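One structure is given below, encoded as structure tokens.
The values are calculated or read from the model by the stated rules, or taken from the named source; none is laboratory data. Since the structure is predicted, the reported quantities are computational estimates derived from the model, not experimental observations. Using ideal geometry, Cβ is built from the backbone for each residue, glycine included, and neighbour counts are taken over all protein chains shown. Accessible surface is based on the protein model in full, side chains and every heavy atom, while ligands, DNA and RNA are left aside. Shrake-Rupley method; radii C 1.70, N 1.55, O 1.52, S 1.80 Å.
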Amino acid sequence: MFPLQGAQMLQALEKSLIRSIPESLKVYGTVFHINHGNPFNLKALVDKWPDFNTVVIRPHKQDMTDDLDHYTNTYQVYSRDPRNAREFLASPEVINWKQHFQIQSSQSSLNEVIQNLAATKSYQVKHSENFLYLASQTAKKLAPSLLDAESLSPGGGKPKAINQALFKLSSLDVTQSTFLNEFWLFGGNERSQRFIERCIRSFPSFCLLGPEGTLVSWCLMDQTGETRVAGTLPEYRGQGLVSHVVYTLGLAMDKLGFPVYSHTDKSNKAMQRMSYTLHHIPMSSSWNQWHCTPL
């Protein structure tokens, strides 16, 4: 295990990861945030340097005090050779195999390694695999070969206009975290609410307030640079509201130089249509999360 310390090493890692997008996207986005303030206090580990095979991003041990908090106990993984990543991931210095945790990656090819390793550690694994999207403006800067202008939707990648007399654009407040937590597919508990609160405090977010000042649509950004937790109240759906807030957040992130990407459940046709409208390009790689629980 080799912890990367100092700006020079971390910037070199970031540049190296760009060459492997989209497989490295989840880790690249996280390393980008480490190099721009590191508000979640994360660290990067590699198996060797500079010719690394596997990189793992994780919190510092002193921040992983709740053994049941898999939202904090989260690891982002990228490997140039997934089949040979097992030994590195098995190390207790890399992953704490005594806690509840989750692993995130843009590589479904890691699934067999993680499943087999978890079995030897007496862990139960729930694997979520969803579509991965990269915004066209990010692809243009980082991976232009992924940008196919002919496949983009007409309309310039902008959402349809909303009634600005009825809906007011704003940023999220931590007091609204309870509301978001109720609608988040991966949320609904106290630990997920704390995670949402931390994201709101640390990163840009946007929402739309309805006629009476109540929250009707929202999205935020997490510690990996991904657009997350987007949603709209059921009674306000079908008006393009979430497209408006996702588009606005994307503009703000792009202005700051952040990568703009997201994932969508394979059954969520509405969000897939939104991604197409906003010129978010479907990647050949998928979005993966392994929720690991000791038996």
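Annotations
- Of ALA135, PRO92, PRO154, farthest towards positive along the dipole that unit charges on Lys, Arg, Asp, Glu beta carbons give the stretch 65-208: PRO154
- Cα Rg over Rh - the chain, Kirkwood: 0.96
- Residue-wise HN-Hα couplings along the stretch 150-161, as the Karplus relation 6.51 cos²θ - 1.76 cosθ + 1.60 with θ = phi - 60° gives them from phi, are 6, 8, 6, 6, x, x, x, x, 10, x, 5, 5 Hz; Gly and Pro carry x.
- Positive-end residue, the chain charge dipole about Cα centroid, Cβ charges, pick of ASN53, TYR71, ALA119: ASN53
- Relative contact order for the chain, counting Cα pairs under 8 Å that sit 6 or more residues apart, in percent: 25 percent
- Charged side chains reduced to their Cβ positions (Lys and Arg at +1, Asp and Glu at -1) give the chain a dipole of some 360 debye around its Cα centre.
- Within the accessible area of the chain (1.4 Å probe), percent carbon and sulfur: 49 percent
- Positive-pole candidate from HIS279, TRP290, SER262, dipole of the stretch 235-295, charges at beta carbon: HIS279
- Longest exposed-site-free window of the chain, the sites being GluC sites (Glu not before Pro) in a DSSP loop that have at most 10 other C-beta atoms within 10 Å: 94-211
- Rounded FRET efficiency, nearest 0.05, which uses the C-beta distance separating ARG191 from ASN268 and R0 of 30 Å: 0.80
- Phi angles across the stretch 123-132 convert, under the Karplus curve 6.51 cos²θ - 1.76 cosθ + 1.60 with θ = phi - 60°, into 3J(HN,Hα) values of 10, 9, 10, 10, 9, 10, 10, 10, 5, 10 Hz, Gly and Pro given as x.
- Annotation: the antiparallel percentage among DSSP beta bridges lying fully within the chain is about 90.
- Rounded to whole numbers, the Karplus 3J(HN,Hα) couplings from phi for the stretch 228-241 are 10, 6, 6, x, 9, 4, x, 6, 10, 6, x, 10, x, 5 Hz, using 6.51 cos²θ - 1.76 cosθ + 1.60 with θ = phi - 60°, and x at Gly and Pro.
- Ordering THR248, THR54 by accessible surface, largest first, gives THR248, THR54; the 1.4 Å probe counts only protein heavy atoms, with every chain in place.
- Of the residues LEU209, LEU256, ranked by 1.4 Å probe accessible area with the largest first, the sequence reads LEU256, LEU209.
- Rh (Kirkwood; distinct C-alpha pairs) - the stretch 74-204, Å: 18.9 Å
- Rg and Dmax of the stretch 184-236, based on Cα coordinates, read 11.6, 34 Å.
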